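Below is one structure, written out as structure tokens; the observations come after it.
The values are calculated or read from the model by the stated rules, or taken from the named source; none is laboratory data. Bear in mind that the values here come from a model prediction, so they are computed numbers and not experimental data. Cβ: placed from backbone, ideal geometry, glycine included. Neighbour counts: every protein chain shown.
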Amino acid sequence: MASSFLPQAVTRLMGILEKPRLILPSQLPTLDNPRILIGTHDGSFHCDEALAIGLLHLNPAFNHNSLVVVRTRDPKVLETCDVVVDVGAVYNPSQHRYDHHQREFTGVLEPFSMKLSSAGLIYKHFGRDIIRNLIRTFLQQDGGEG
């Protein structure tokens, strides 16, 4: 049933965000133990990075059983992450860096003029894939074609 998918995704996201994890070098991805590391800032969580992480989880490219959220402001640790949201002072989609705090940041979603948060940046670059994946999942769970 399609209605059970969203609560399961929310429950999984809350489990990811609930307990920050410290990643040791021995825990970094290897060919035998692949992981997707998503870096964000430590301290208080805000809606923009929580939603950005949730959206990444819904993206088929990043929907992975070994999704790990790394909460830090240490640039050396952030360099080890596959994706970084809301920290690091870099907006570079080709390197999967989605921060919006730079003074010179001007990212918008055309035709709108409001500057985007980290969640908005994730949506800008992955929104269509996320929506396509959700529709496919709902159709498959309802017995339709996906």
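Points worth noting:
- For Phe62, the conditions (1) surrounded by 20 or more Cβ atoms within 10 Å (Cβ to Cβ); (2) part of a loop (DSSP other than H, G, I, E, B); (3) modelled with pLDDT of 90 or more all hold with the exception of (3).
- Taking the listed residues Thr72, Thr106, the one that is among the hydroxyl-bearing types (Ser, Thr, Tyr) and more than 17 Å from the chain's Cα centre (by Cα) is Thr106, with no other qualifying.
- Any chance Val84 is assigned to a strand (DSSP E or B) and either at pLDDT 95 or above or of a type in the set (Asp, Glu) (or both): yes
- Pairs, first without any contact (Cβ under 8 Å) to a residue 40 or more places away in the chain and under 16 Å from Val69 (Cβ atoms) in segment 84-112, second charged (D, E, K, R) and surrounded by 15 or more Cβ atoms within 10 Å (Cβ to Cβ), C-beta under 7 Å, six or more apart: His96/Asp82; Asp99/Asp86
- Scanning segment 46-95 for residues that are among the small types (Gly, Ala, Ser) and within 17 Å of Ile130 (Cβ to Cβ) turns up Ala50, Ala52, Gly54, Ala61.
- Screening Val108 against (1) part of a loop (DSSP other than H, G, I, E, B); (2) under 21 Å from Arg35 (Cβ atoms); (3) of a type in the set (A, V, I, L, M, F, W, C) leaves a single unmet condition, (2).
- Some residue of segment 112-128 being surrounded by 14 or more Cβ atoms within 10 Å (Cβ to Cβ), more than 18 Å from Gly39 (Cβ to Cβ) and at pLDDT below 95: yes
- Unique residue being surrounded by 13 or more Cβ atoms within 10 Å (Cβ to Cβ) and touching a His at 6+ places or on another chain (Cβ under 6 Å) when the list is Arg132, Arg97, Arg73, Arg136: Arg73
- Where Ser3 falls short, out of the listed (1) within 17 Å of the chain's Cα centre (by Cα); (2) at pLDDT below 90; (3) not charged (D, E, K, R): (1)
- Of all residues in segment 77-94 being charged (D, E, K, R) and out of contact with any Ser or Thr (no Cβ under 6 Å at 6 or more places or on another chain), the one that is surrounded by the fewest Cβ atoms within 10 Å (Cβ to Cβ): Glu79
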